[in-house]
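Below is one structure, written out as structure tokens; comments come after it.
The values are calculated or read from the model by the stated rules, or taken from the named source; none is laboratory data. As the structure is a computational prediction, the values presented were derived from the model and not from experiment. When we count neighbours, we look across all protein chains shown, and the Cβ atoms used for this are built from the backbone with ideal geometry, even at glycine.
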Amino acid sequence: MPEAPTSGGPTIGIVGRGRLGSAVRAACQASGTRVTLTASHRGGWSVDAVPDVLVDASAPEAHPDVLDYCATHRLPLVACVSNLSDTQWKALEELAEGIPVVRATNLSFAHYLQVRIAEFTAAHATGRFDATTTVRERHPLGKAHRPSATALALADTWHRASGRAVADIADERAGLPVSEHEVTHTWDGEALHVRHHVGSWAVPARGALAAADWARTAAPGLVTMRTVYDDLTVRRVT
């Protein structure tokens, strides 16, 4: 039986029993958050009660079922599957017209800070201080696609903030879990490296619970983790 909740957070549904899905389940157990729905390719859907928020940590093949369930129950969604087709991304946008959807390309708070640093640098590295900027990502062997969605998002962040494309996106498949993402700004004779390393699946799992807590009371619409962390950090300051 699911654990009785000991916190004031939402009840959670978790789709997917891979590394992220299992880590989210463990984070729920550690925080006393009740899991009322689980689903996986092999185990099917097991529902004790309709949860407050659904976290999708599955695969593109499960996407139609996830969207149907959320639409039927008007259930906020934290969407953690990144390698979706254009048609699936469009379906996610359509779902967000009626319910809150968090598009969670990267769930880590430190990655959020890395993004903010990139935007800060873009605002100041202009004119005679223009930099050559590159992105590098590393994942263990077996990563489904390359470059990673996070690396592409970092490159897009720099492009939007600076008006200039990154010079290169490098990818590597080696080493230990979970990931590394680095943004490097180079000038004549100097360089600035902003590297984010994740060594445990507990890190994105914590981010998933933060996103679920935020989405429970959010208005309909499609947002990224940037919006979630912007809002949560402002609440702490105020």
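Key figures
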item: Residues that are within 17 Å of Ala144 (Cβ to Cβ) and either outside the structural domain of Cys80 (by TED's automatic domain parsing) or of a type outside the set (Gly, Ala, Ser) (or both), drawn from the stretch 16-40; result: Arg17, Arg19, Leu20
item: All positions within the stretch 102-157 that are of a type in the set (Lys, Arg) and out of contact with any Asp or Glu (no Cβ under 7 Å at 6 or more places or on another chain); result: Arg103, Arg116, Arg128, Lys143
item: Entirely in the stretch 73-160, the strands (runs of 3 or more DSSP E) that have 1 or more residues that are in contact with a Cys (Cβ under 7 Å, 6 or more places away or on another chain), under 29 Å from Gly9 (Cα atoms) and modelled with pLDDT of 95 or more; result: 77-79
item: Residues satisfying the stated conditions in the stretch 153-165, i.e. surrounded by fewer than 18 Cβ atoms within 10 Å (Cβ to Cβ) and within 16 Å of the chain's Cα centre (by Cα); result: Asp156
item: Residue under evaluation Thr126, criteria (1) surrounded by fewer than 21 Cβ atoms within 10 Å (Cβ to Cβ); (2) under 17 Å from the mean Cα position of the chain (by Cα); (3) not assigned by TED's automatic domain parsing to the domain that holds Leu37, criterion not met; result: (2)
item: Residue match in the stretch 176-193 (condition: charged (D, E, K, R), exposed (fewer than 14 other Cβ atoms within 10 Å of the Cβ) and in the same structural domain as Glu119 (by TED's automatic domain parsing)); result: yes
item: Verdict on Ala170 being small (Gly, Ala, Ser) and in a strand (DSSP E or B); result: yes
item: Hits in the stretch 84-133 (condition: touching a His at 6+ places or on another chain (Cβ under 7 Å) and farther than 30 Å from Ala59 by Cβ); result: Thr121, Ala125, Ala131, Thr133
item: Flag for Pro220 being within 21 Å of the chain's Cα centre (by Cα), in contact (Cβ under 8 Å) with a residue 40 or more places away in the chain and surrounded by 19 or more Cβ atoms within 10 Å (Cβ to Cβ); result: no
item: Which listed residue is within 27 Å of Gly199 (Cβ to Cβ), of a type outside the set (Val, Ile, Thr) and either assigned by TED's automatic domain parsing to the domain that holds Leu176 or at pLDDT below 95 (or both), from Gly9, Gly43; result: Gly9
item: Answer from Ala212, Ala208, Ala218 - the residue that is in contact with a strand residue (DSSP E or B) (Cβ under 7 Å, 6 or more places away or on another chain) and part of a loop (DSSP other than H, G, I, E, B); result: Ala218
